[in-house]
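To start, the structure under review is shown below, and the notes come after it.
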């Protein structure tokens, strides 16, 4: 988590120094709000999906393969909106 905050603050500093976006610089209050797409519920649904059900939803086998790899890894990952919406509708 600390490395992520460092990345954000480094990005803020770079934007401030180049004058692109930031007009002020604040190192005192890092924001710890993370909006994650890969909740535990979403990971469980991905791991529970069978390749047949996935194919019936209209997606390729490779997409589910990489989603399952990401879900097993425990690291944060993102999904396209249309994929996320269909997984949310899927009932385990």
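So which residues in the range 1-20 are modelled with pLDDT under 75 and outside any loop (DSSP other than H, G, I, E, B), if there are any at all?
Across the range 1-20, the qualifying residue is only 2.
Taking the range 21-43 as the region of interest, how many residues are modelled with pLDDT of 80 or more and either surrounded by 12 or more Cβ atoms within 10 Å (Cβ to Cβ) or not assigned by TED's automatic domain parsing to the domain that holds residue 76 (or both)? Talk me through it step by step, then tell me what you get.
Taking the range 21-43 first, the residues modelled with pLDDT of 80 or more are 39-43.
The next check asks that each one be either surrounded by 12 or more Cβ atoms within 10 Å (Cβ to Cβ) or not assigned by TED's automatic domain parsing to the domain that holds residue 76 (or both); those that pass are 42-43.
The number of residues fulfilling the criteria is 2.
Yes or no: residue 47 surrounded by 10 or more Cβ atoms within 10 Å (Cβ to Cβ) and either over 15 Å from residue 90 (Cα atoms) or modelled with pLDDT of 85 or more (or both)?
Values: surrounded by 10 or more Cβ atoms within 10 Å (Cβ to Cβ): yes; either over 15 Å from residue 90 (Cα atoms) or modelled with pLDDT of 85 or more (or both): yes.
It is true that residue 47 is surrounded by 10 or more Cβ atoms within 10 Å (Cβ to Cβ) and either over 15 Å from residue 90 (Cα atoms) or modelled with pLDDT of 85 or more (or both).
Are any of the residues in the range 51-62 modelled with pLDDT under 85, exposed (fewer than 11 other Cβ atoms within 10 Å of the Cβ) and over 17 Å from residue 91 (Cα atoms)? Working first, answer last.
Here is the first cut: in the range 51-62, the ones modelled with pLDDT under 85 are none.
No, because not a single residue in the range 51-62 is modelled with pLDDT under 85, exposed (fewer than 11 other Cβ atoms within 10 Å of the Cβ) and over 17 Å from residue 91 (Cα atoms).
Looking at the range 64-83, which of its residues are surrounded by fewer than 14 Cβ atoms within 10 Å (Cβ to Cβ) and assigned to a helix (DSSP H, G or I)? Spell out the reasoning first.
Step one: list which residues in the range 64-83 are surrounded by fewer than 14 Cβ atoms within 10 Å (Cβ to Cβ), which gives 65-66, 69, 72-76, 78, 80-82.
Residues satisfying the conditions are 65, 66, 69, 72, 73, 81, 82.
The values are calculated or read from the model by the stated rules, or taken from the named source; none is laboratory data. Keep in mind the model is a prediction, meaning the values are calculated, not measured. Neighbour counts run over all protein chains shown; Cβ positions are idealised from the backbone, glycine included.
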